[in-house]
Every structure is written in structure tokens, then in C-alpha cells.
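The values are calculated or read from the model by the stated rules, or taken from the named source; none is laboratory data. In this text, all values refer to a predicted model and were calculated from it rather than measured experimentally. All Cβ positions, even for glycine, are placed from backbone atoms using ideal geometry, and neighbour counts span all protein chains on display.
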Amino acid sequence: MNTSPVPFRRIILVCLNERPAGEASCGPRGGKEIADLLKKGVNDLGLKGQVRVTKTHCLGLCQLGPNVVVYPEGTLLSGVTPADVPAILEKYAKAEVK
Ligand code: FES
């Protein structure tokens, strides 16, 4: 096993998981649209290679979704909508890590 520093200053995980009908999950509640908007925003800001938007499966907090987790802060953003994307980009993609 090798270890090395993560080559991104931030990683934004967006849950796209889909559960069977009747069970809460992030995918059917807008996860893909949120991920796509975040990716586009990061690219438009010229931050590709610095900020990584990663589509992921269940983060274990399905009832709260759609869920986004930001590292290195380890911050959970829940109940995210596409309208929240500009604020997420402003607060987490553009800002330097403290
Ligand atoms: S389906 Fe998104 S946290 Fe479980």
C-alpha cells in the first residue's frame, strides 16, 4: 500500500443513490442534477483539478437527502436543491481551505 497527499484541495461528494420506490433516496430527489451543476460550476470557475466533484452511492443519511459532503471540512449539506449550487460553489469551491 502506498500513501500520498490527495491532489485536490476539496472533494465534494454528491449522493446519487436510488432505492426502491417508496424509500427515500437522493438520486430521484435531484442528486444527478445537483452533481452535474456542481461539476459544470467547478469547470466554469476554472477549478477543475483543484476541486473534485464525485458522484457517490449512499452516505447513510437517506431521509435527509439529497446529500452532499464536503472534504476536508467533513461538512454534510442535506436537503440540497439545484438552487443551492451557486452558494455551495461560493462557499466551498472558490474558498481556500483554512
Ligand atoms: S440515498 Fe443518499 S444518503 Fe442514502
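Quick look at the numbers
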read-out	value
Where a residue in the stretch 61-89 is within 17 Å of Arg19 (Cβ to Cβ) and its partner, wherever it lies, is surrounded by 15 or more Cβ atoms within 10 Å (Cβ to Cβ) and of a type in the set (Lys, Arg), with Cβ under 6 Å and at least six apart	Gly65/Arg29; Pro66/Arg29
Matching option when the condition is at pLDDT 95 or above and not in a helix (DSSP H, G or I), among Leu76, Leu89	Leu76
Residues (part of a helix (DSSP H, G or I), more than 16 Å from the ligand (Cβ to nearest atom) and of a type in the set (A, V, I, L, M, F, W, C)) located in the stretch 20-53	Leu37, Val42
Hits in the stretch 17-48 - residues which are over 14 Å from Asn67 (Cβ atoms), small (Gly, Ala, Ser) and at pLDDT 95 or above	Gly41, Gly46
Any hit, the stretch 20-27, residues being within 19 Å of Pro7 (Cα to Cα) and free of Cβ contacts under 8 Å to residues at least 24 places away in the same chain	no
Count - residues of the stretch 45-60 that are free of Cβ contacts under 8 Å to residues at least 24 places away in the same chain and more than 14 Å from Arg9 (Cβ to Cβ)	1
Checking Gly60 against (1) touching an Asp or Glu at 6+ places or on another chain (Cβ under 7 Å); (2) within 11 Å of the ligand (Cβ to nearest atom), the condition it does not meet	(1)
